[in-house]
Amino acid sequence: MSEMFFAGGLSWWVVIAVGLGALAAVAFQFIGLKQRLGTQRAAWLTLLRSVVYAALIFFLLSPGLIHKRVTKLRRPLSLLIDTSQSMALPAASGKSRLDLVKEKLLGGNEPLIEKLARDYDLRVYQFNTSLDPVAPSEISKLSAGGRGTRLVEILKEASRDAGPQGAIIVFSDGIANGESKGAIDSGAVSAPIFTVGFGESQGFVDLRVADLTAPEFAFRGREFKLDLLVQAYGLAGKTVPLYFNRGKNLVATRSVNIDKDAFEQRITLAYTPKEIGAHSFSVSAAAQPGEQIADNNHKEFRVEVQRDKLRVLTLSGSPAWNYRFLRMALKQDPFIDLVSFVFLRTPTDVVDVPESQLSLIPFPIDEIFLEELKNFDVVFLDDFSYRSYFNIQYLERVRDFVRDGGGLAMMGGIRSFDSGGYAESPLREVLPVELDGKGRYRMKTRARGILTSSGKAHPITRLLPDPQANEEAWKKMPPLTSLNLVARSRGETLLQAAEDGAGGGPPLLTVGRFGKGRTLALMSDDIWRWSFGAVGARESPQNHLKLIRHSVRWLAQEPTFEQVQIRSVGGPRAPGEKSEFKIQVLNDDFTPAAHAILKIVVTGAEGEQTRLEASEESEGQYRADFTPAREGAYRIEAEAQLGGKTLGRDRKNFSVAFPYAEAEDGRPRPELLKQIAETSRGEFIAGAELNAASLERVAAKLNLLAPSEIVERTEIPLWSTLTTFSIILILLSSEWWLRRKWGMI
């Protein structure tokens, strides 16, 4: 193949001017020759001269010839085979999608894989969550076991490796459940992608419970809702019952009328829990005839049911200042439901009016202590003595209430501790201070609350996050003028009562445990001054409010005030993958607890339990590992003991699922494969239509998009060749010979 070119060097107007001058010269010479030789002989000489002039002008343009030689190259071709789990699902023929791919590539007298290897620089890969090279001879051994399909991410990676002349053929069902699940951007891939789809949407039968959202926490007596999506394919005209269960108990059923093949319906279910604790729920539908995936008909979840508010009962012996500020602190907390009784008179007090005319109501002793006590979280005895109002046996109910997990706080006053007769009551063993019947109530004293080492770390007395600022805040608290003296502390003393400038002193604030419950003793009825003084000084009474609220939450064993806390559930949370639990354990004074003994149990969705061993990573920090066997909702419970004493417990729900949800939705996605092919300038080919002719069509399109060849170019200048010189020399010699013959020379 040759092409002419002009190297140039002169402007076209110069060439045209030279040509016009040559034409004028030829015309003038013709007229002169005609007068001497006649018209015919003048024409011959003029013709020869004209050809010479034309050749000279032509060579002024520096003409040349280009010779081209084209060599075809073998184009790089990446062949990608989907080996995710969904490729094991049966197609219409009954064979799996992957078996159909093998049949297409390896079947026939001339297998397509051999034709591709002959025509292209072929590279074969299998892919699911990663892209791995495979020898063509190993295609027959491929199996569909990948737990996900990162289709879009894999195609981007393969496109980068293919290069500008390369191309990609991908064999897949089009399911994409990686980070990118939708369409691919036009600029994301550089190589044309030819997609070959396997699996038919028509005839695919599946019922699926998807996108279930439910709260992790709910409140007792309050309705919570869960939303879910029901999808169905190939089940048009059927009515399917949907079951909502709590554990194994049926809560509700809902009929789903499937009116078309690609069916979707969003459903909202509701439930009102009546019991506190962790509850397992499930939503399921029975497997339908011909359904290809039955595992996705079922969804499980857990809900932690709690009280909506902390219920606090206060019994105050008189309408004193301490009662007023205690009530104000509790009433201002929106998360506390307060029931308070103030005793204005004793049964022995003499009044001058009939009982029916009194506006006061009698204290409902039986209703409170025999029926309602279990519904409270914390009981406050505020300068209150039982002796004038009810039998001591009712205090046994209070003792049992604390032993079973309730909270008890006794505030100081002339009717509290030894002064209230509690040294001879069942509460003597419950309170965190020792009562010997000799303690007395001291008035007109002047004592400040001094933080102990435990008080500096304990959440009740941690009014400010910064330890130094917290100590400064306590030093600024006004001194107290009353104090209940007790024999000694049996729990953790957080505050000591000390004269101004003095250290040490009797216990002022002490906390402890009894059974599963917690107790608090505050040996003064004068702490209202901590709020009153702040308001008088135009400062915020927040320190007093925080002390009361922190006390209630610690007594009620709120999770944030627990000494045992499951800090995190790390790891992939997938079946067969190790999950890691981080657990913090604190002593009663909230310092890190070293060498604690942890009892950790993981409970699965069907109630199966696994005991875990914990290892101590650092002081107070423990770790346990767990490898779940299957998907579902799980619950971990951790309890710590030290020196035979239980420090606390915590629990947490978590779910386990495969990250790619490969078994959730096995419906083929030819529409995604078509979009990928169109965006990348490739072509979609149905698996059944793949043959040698379609591969020829692929080759033609690739050549049209980017020819794969090498072109060699050779330039030959015409003006410098011997042939050109010889022709001009012959023309000039002929003109000279004619003029000599005709007698002009």
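The values are calculated or read from the model by the stated rules, or taken from the named source; none is laboratory data. Please read all numbers here as calculations on a predicted model, not as lab measurements. All Cβ positions, glycine included, derive from the backbone under ideal geometry; neighbour counts span all protein chains shown. Only protein heavy atoms, including side chains, enter the accessible area calculation; ligands, DNA and RNA are left aside. Shrake-Rupley method; radii C 1.70, N 1.55, O 1.52, S 1.80 Å.
Within the full protein context, the accessible area of I716 is estimated at about 60 Å² for a probe radius of 1.4 Å.
Dividing the summed -39500 (n - 2.57) terms of all DSSP H runs of n ≥ 4 by the residue count of the chain sets its mean residue ellipticity at 222 nm at -7500 deg cm²/dmol.
For the range 397-438, a Kirkwood radius taken over Cα pairs fed into Stokes-Einstein (25 °C, viscosity 0.890 mPa s) yields D = 230 µm²/s. The calculated Kirkwood hydrodynamic radius for the range 618-735 is 24.5 Å, given to one decimal from all distinct C-alpha pairs. Surface analysis of the chain yields an accessible area of 49 Å² per residue, using protein heavy atoms and a 1.4 Å probe.
Based on alpha carbons, the Rg and Dmax found for the chain are 47.6, 174 Å. The amide H of V124, built 1.01 Å from its N in the peptide plane, has L79, V134 as neighbours under 5 Å, considering only residues 5 or more places off or on other chains. Highest average first, the peptides 202-212, 656-666 ordered by how many other beta carbon atoms sit within 10 Å of their residues are 656-666, 202-212. For the peptides 412-418, 296-302, residues were scored by their other Cβ atoms within 10 Å and the scores averaged per peptide; the highest-first order is 412-418, 296-302.
A simple rule links phi to the HN-Hα coupling: the Karplus curve 6.51 cos²θ - 1.76 cosθ + 1.60 with θ = phi - 60°, which for the range 529-545 gives 5, 5, 8, 4, x, 5, 5, x, 8, 6, 10, 6, x, 4, 4, 5, 5 Hz, with x for Gly and Pro. Protection proxy ranking for 129-136, 319-326, using the average of other Cβ atoms within 10 Å per residue and placing the highest first: 319-326, 129-136.
Phi angles across the range 666-682 convert, under the Karplus curve 6.51 cos²θ - 1.76 cosθ + 1.60 with θ = phi - 60°, into 3J(HN,Hα) values of x, 5, x, 10, x, 5, 6, 4, 5, 5, 5, 5, 5, 5, 8, 6, x Hz, Gly and Pro given as x. Tell me the relative contact order for the range 466-544 as a rounded percent, counting alpha carbon contacts under 8 Å between residues six or more apart. Once divided by the residue count of the range 466-544, the mean separation gives 25 percent.
Taking the charge dipole of the range 601-745 about its Cα centre, with +1 at Lys and Arg Cβ atoms and -1 at Asp and Glu Cβ atoms, the residue from P628, I710, S720 reaching farthest to the positive side is S720. Computed with a 1.4 Å probe over protein heavy atoms only, the accessible area of E114 comes to about 110 Å². Once the chain from W321 to Q306 is taken as fully extended at 0.36 nm per residue, the excess over their C-alpha distance is 2.0 nm. With 0.36 nm allotted per residue and the present C-alpha distance subtracted, the R713-E110 stretch has 213.3 nm of extension available. Remark: the A270-A24 segment gains 77.9 nm on full extension, using 0.36 nm per residue and subtracting the alpha carbon distance. Share of carbon and sulfur in the accessible area of the chain stands at 52%, probe radius 1.4 Å. How many angstrom lie between the Cα centre of the range 155-225 and the Cα centre of the range 421-461? Value for the Cα centre distance between the two parts: 65 Å. Overall, the ratio between the Cα radius of gyration of the range 39-117 and 2.2 N^0.38 Å, rounded to two decimals, is 2.96.
Sorting M4, M744, M328, M410 on solvent-accessible area from highest to lowest, probe radius 1.4 Å, gives M4, M328, M744, M410. Taking label positions 7 Å along the Cα-Cβ direction at both L722 and L229, the computed distance is 8.3 nm, reported to one decimal.
Normalised by the number of residues in the chain, the mean separation of alpha-carbon contacts (under 8 Å, six or more apart) gives a relative contact order of 14 percent.
Bridges between two residues of the chain, per DSSP, are antiparallel at a rate of about 70%.
Backbone phi angles across the range 419-436, fed through the Karplus curve with coefficients 6.51, -1.76 and 1.60 (θ = phi - 60°), yield HN-Hα couplings of 5, x, x, 7, 5, 9, 10, x, 7, 4, 7, 8, 5, x, 10, 7, 10, 10 Hz in residue order; Gly and Pro are listed as x.
Pick out, from A188, S159, F198, the residue whose Cα sits farthest towards the positive end of the charge dipole of the range 142-280, with +1 on the Cβ of Lys and Arg and -1 on the Cβ of Asp and Glu. Value: F198.
Accessible surface ranking for E216, E138, 1.4 angstrom probe, highest first: E216, E138. Measuring r between the beta carbons of L250 and A661 and using R0 = 35 Å, the FRET efficiency lands at 0.80.
For the range 614-745, the relative contact order comes to 11 percent (Cα pairs under 8 Å, sequence separation of at least 6). Note on exposure: F217, F380 ranked by accessible area (1.4 Å probe, complete protein assembly) read F217, F380, with the most exposed listed first.
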